[in-house]
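Below: the structure, in C-alpha cells.
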Amino acid sequence: MEEAAAAHPYVPRDLKLPGYVPISMSMSTILAVYLGASLFVVTFVWFLLGRKKAHLDRLLMCWWAFTGLTHMVLEGYFVFSLTFQRQHFFKGDSRYAGRDSAVIAVEGITAVIEGPACLLAVYAIAKGKSYSYVLQLAISLGQLYGCLVYFITAFLEGDNFATNSFYYYSYYVGANGWWVLIPLLISYRCWNKICESANGVETKMKKKIR
C-alpha cells in the first residue's frame with residue numbers, strides 16, 4: 001500500500017489515488033489544445049458576434065464566452081467524467097486528482113450554473129438586454145465566492161497541493177487569479193451601471209410627481 005501511494009507524482013506524497021494511470025498527453029500538448037481552442041472562441045466572438053458592439057462590450061463577450069466554455073467543458077469534465085478518476089493531470093492542485101469534496105462541490109456548481117449563465121451573458125450583451133448588468137454582476141459574485149472557497153479551503157488544509165513552485169504560482173495562483181481580478185472589475189462596473197439606472201428612474205419619477 002505504501003508503494004502504491006508513492007507511485008504518483010502528486011503531493012502530499014501519502015495521497016491515495018487507487019488505479020492511478022498517468023495521462024498519455026504531455027502538459028505542453030494539453031495547454032496548446034486549450035489555448036488554441038480558447039483563441040478560436042475569442043476570435044469568433046470578437047469578429048462575428050460582437051462586430052457591431054463597442055470594444056468594451058466585445059471584450060466582455062469574449063470573456064464570458066471563454067470562461068463559460070471553460071466552466072462547462074473543463075470543469076464539467078472533471079466533475080462528471082468517470083475516466084478522470086484514473087487519468088490525472090492537474091499537477092497545480094492535487095485536490096483535483098484526489099477528488100476533494102470541496103473542489104467537486106465548487107466546480108460542480110460552477111459548471112452547471114455559472115457556465116450556461118456566462119453564455120447567456122454573451123447573448124444579453126449582444127442583444128442589449130435589460131438584464132445584462134444584473135446577470136453579469138450575479139455571475140461575477142458567484143465566481144468570486146467560488147474562488148474564495150477554493151483558496152480558503154486550501155489554506156485551512158495546509159496549502160500543500162502543488163507538485164512544485166512552478167505549478168503553484170503558474171496554475172494555483174496565476175491562472176486562478178484571473179477569476180478574482182476580472183470578476184472584481186466587472187462587478188464594480190455593473191454595480192455602477194445599475195446604480196446609474198436606478199438613479200435615473202428615481203429622477204424621472206420625481207419629475208413626474210412634481
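The values are calculated or read from the model by the stated rules, or taken from the named source; none is laboratory data. All values reported here derive from a predicted model rather than from experimental measurement. In this analysis, Cβ positions are derived from the backbone assuming ideal geometry, glycine residues included, and neighbour counts consider all displayed protein chains. For the accessible areas, the whole protein counts, side chains as well, though only heavy atoms, and no ligand, DNA or RNA atoms are used. Shrake-Rupley method; radii C 1.70, N 1.55, O 1.52, S 1.80 Å.
Annotations for the structure displayed:
- Pairs with Cβ under 6 Å, 6+ apart, first in region 22-45 and among the acidic types (Asp, Glu), second in a helix (DSSP H, G or I) and open to solvent by 80 Å² or more (accessible area, probe 1.4 Å): none
- Qualifying residue in region 138-158 (condition: more than 26 Å from residue 10 (Cβ to Cβ), over 13 Å from the mean Cα position of the chain (by Cα) and in a helix (DSSP H, G or I)): yes
For every residue, the table says whether it meets (1) in contact (Cβ under 8 Å) with a residue 60 or more places away in the chain; (2) part of a helix (DSSP H, G or I); (3) surrounded by 12 or more Cβ atoms within 10 Å (Cβ to Cβ).
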residue	(1), (2), (3)
167	yes, yes, yes
171	yes, yes, yes
177	no, yes, yes
182	yes, yes, yes
194	yes, yes, yes
198	no, yes, no
208	no, yes, no
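- Among the residues here, residue 191 qualifies as of a type in the set (Phe, Trp, Tyr) and over 19 Å from the mean Cα position of the chain (by Cα).
Yes or no, residue by residue, for (1) under 30 Å from residue 48 (Cβ atoms); (2) aliphatic (A, V, I, L, M); (3) in contact with a helix residue (DSSP H, G or I) (Cβ under 9 Å, 6 or more places away or on another chain):
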position: 100; (1), (2), (3): no, no, yes
position: 117; (1), (2), (3): yes, yes, yes
position: 136; (1), (2), (3): yes, no, yes
position: 139; (1), (2), (3): yes, yes, yes
position: 152; (1), (2), (3): no, yes, no
position: 155; (1), (2), (3): no, no, no
position: 181; (1), (2), (3): yes, yes, no
position: 194; (1), (2), (3): yes, yes, yes
position: 206; (1), (2), (3): no, no, no
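- Scan of region 33-55 for residues that are out of contact with any helix residue (DSSP H, G or I) (no Cβ under 6 Å at 6 or more places or on another chain), surrounded by 12 or more Cβ atoms within 10 Å (Cβ to Cβ) and more than 22 Å from residue 168 (Cβ to Cβ), ordered by number: 37, 44, 53
- Checking residue 104 against (1) open to solvent by 30 Å² or more (accessible area, probe 1.4 Å); (2) under 12 Å from the mean Cα position of the chain (by Cα); (3) modelled with pLDDT under 95, the condition it does not meet: (2)
- Consider region 140-154 and keep the residues that are free of Cβ contacts under 8 Å to residues at least 40 places away in the same chain and under 16 Å from residue 111 (Cβ atoms). The one that is most open to solvent (accessible area, probe 1.4 Å) is 145.
- Selection count where residues are without any contact (Cβ under 8 Å) to a residue 60 or more places away in the chain and either touching a Phe, Trp or Tyr at 6+ places or on another chain (Cβ under 9 Å) or open to solvent by less than 30 Å² (accessible area, probe 1.4 Å) (or both), scope region 124-134: 3
- Among the residues of region 122-137, those identified as assigned to a helix (DSSP H, G or I) and either under 16 Å from residue 80 (Cα atoms) or among the hydroxyl-bearing types (Ser, Thr, Tyr) (or both) are 123, 132, 133.
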